[in-house]
Amino acid sequence: MESVILVVDDEKNIRDGLADFLRADGFVVETANDGESALRRCHKGNDVALVISDLKMPGMGGMELLKAIKKETEGVQVMMLTGHGTIKDATEAMRLGAWDFFTKPIEDYDRLSIIVRRVLDNHKRYLKVMRMEEEIAKQKQFSNMVGSSSALSAVLDAVSRVAPTKASVLITGESGVGKEMIADSIHRLSPRSDKPLIKVHCAALAESILESELFGHEKGSFTGATGRKRGKFEQAHEGTLFLDEIGEIDQNIQVKLLRVLQEKRFERVGGEETIEVDIRLIAATNKNLMEEIKKGAFREDLYYRLNVVSINVPPLRERKDDIPLLINSFVKLFSNENGKPIDGIDEKARSRLYNYSWPGNIRELRNCIESAVVMTKGSLIKEEDLPPTLRSVAEDGYIQIPTGITLEEAEKIIITKTLSGLNGNKSETAKTLDIGRKTLHRKLAQWGAAAAVESSTTGSEGAD
């Protein structure tokens, strides 16, 4: 953002002459012919760094403008001009906060130019501090999200915009990227923050159990139903319901879930009473739901009900700038938890952590740091303190497949790691993995991974 100098004078010749000189010296200059319009311009944004104003003007004079700027704006400096300058005027202007005072006609343009550059440098520092304060305030809002990458900033910006609304949100991303933490942030920043946030991990429950968990049941509705149970929808009334791994739910549950979203009412399992609820739904998945729709495994109408707003959380390998901050955060966390004073991580270990692809994302990084904190013998985590599997990958080029992931996720790790290792050469990748090139291209397009892989390699287009 360019810093703007605003020249204010009711005399056109003087106003335009000073503006032309400043522009010739490389400054961005705007003009105003009275104090009122100058003040309105200062209110439009924080790009105005300096106001050079005549002292005597019809309407709002220079002194009044100076007082208003100091009272109503931040970071804007003022220099005063007068053809009727007196020591009294200069002293009063400086007392009110003017940066400097010049008498018309200006004779020492070199001094003016030096002072203007000093003011603009000061304004740049002001803007930098302001941006840092905004970033700190933003991070405080998202206390569970750590990072400084542009990718994470885009996610947090989307969260801050959707949180105050009633819209359903679908959070997508690989396992371990922090989808649940995004759901936490949306709820905490929403008008429902003082109401319950109820979480259901759909993949962990069988169909019959999930139905009862979501909608509740009446006594005697099935074997073991010894009493009435309120479901998660009832528990989340006026609050937020988070359904994790929504892509795993059965078609029968999908139908009932769609009805609740459309009508905001349901019956407990084995019950006849219709229960109305007011909930905000957030869902998450590591699956490509459009592919699941094509396979007939997921209802298209439910997808569009869930996907009012979509937030995709990029994998950790695509936001490397977040890794150092995450490392420091986890070291501090597990150092405190285990009562082990850890001063930090040496350069070799830090390099290993930074250059690893993290197929298990933040969850894998967290586990790795916890293990290193526990295993280290000193106050500094070293390369040998890292898990053996991570050291093997870094040294020998092995591909690590973490436990607890789907076959599709494992396939994605193998293909993208092989493609990256072959510098983006798709023909060689297809040959190495013994798959067709069309199959490779289709899978990369499905994952949206081709661009990310190619951007991190050289000569990929020519090698294809």
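Exposure proxy shown here: for Val155, Val51, the number of other Cβ atoms within 10 Å sets the order, fewest to most, as Val155, Val51. DSSP bridge analysis restricted to the chain gives an antiparallel fraction near 10%, rounded to the nearest 5.
Think of each Lys and Arg Cβ as +1 and each Asp and Glu Cβ as -1; about the Cα centre, that makes the dipole of region 4-131 roughly 600 debye. Think of the chain as a dipole: +1 on every Lys or Arg Cβ, -1 on every Asp or Glu Cβ, centred on the Cα centre; then among Ala284, Ser427, Ile106, Ala284 lies furthest on the positive end. With a cut-off of 14 Å on the backbone N, the residues of region 50-65 near the modelled label site 7 Å out from Glu30 along Cα-Cβ are 50-52.
With neighbours defined as other Cβ atoms within 10 Å of a residue's Cβ, the residues Met375, Met60 order from fewest to most as Met375, Met60.
Computed from the coordinates by the stated procedures, all read-outs in this text should not be read as laboratory data. Quantities reported herein were computed from a predicted structural model and do not represent experimental measurements. Note: ideal-geometry Cβ built from the backbone for every residue, glycine included; neighbour counts use all protein chains shown.
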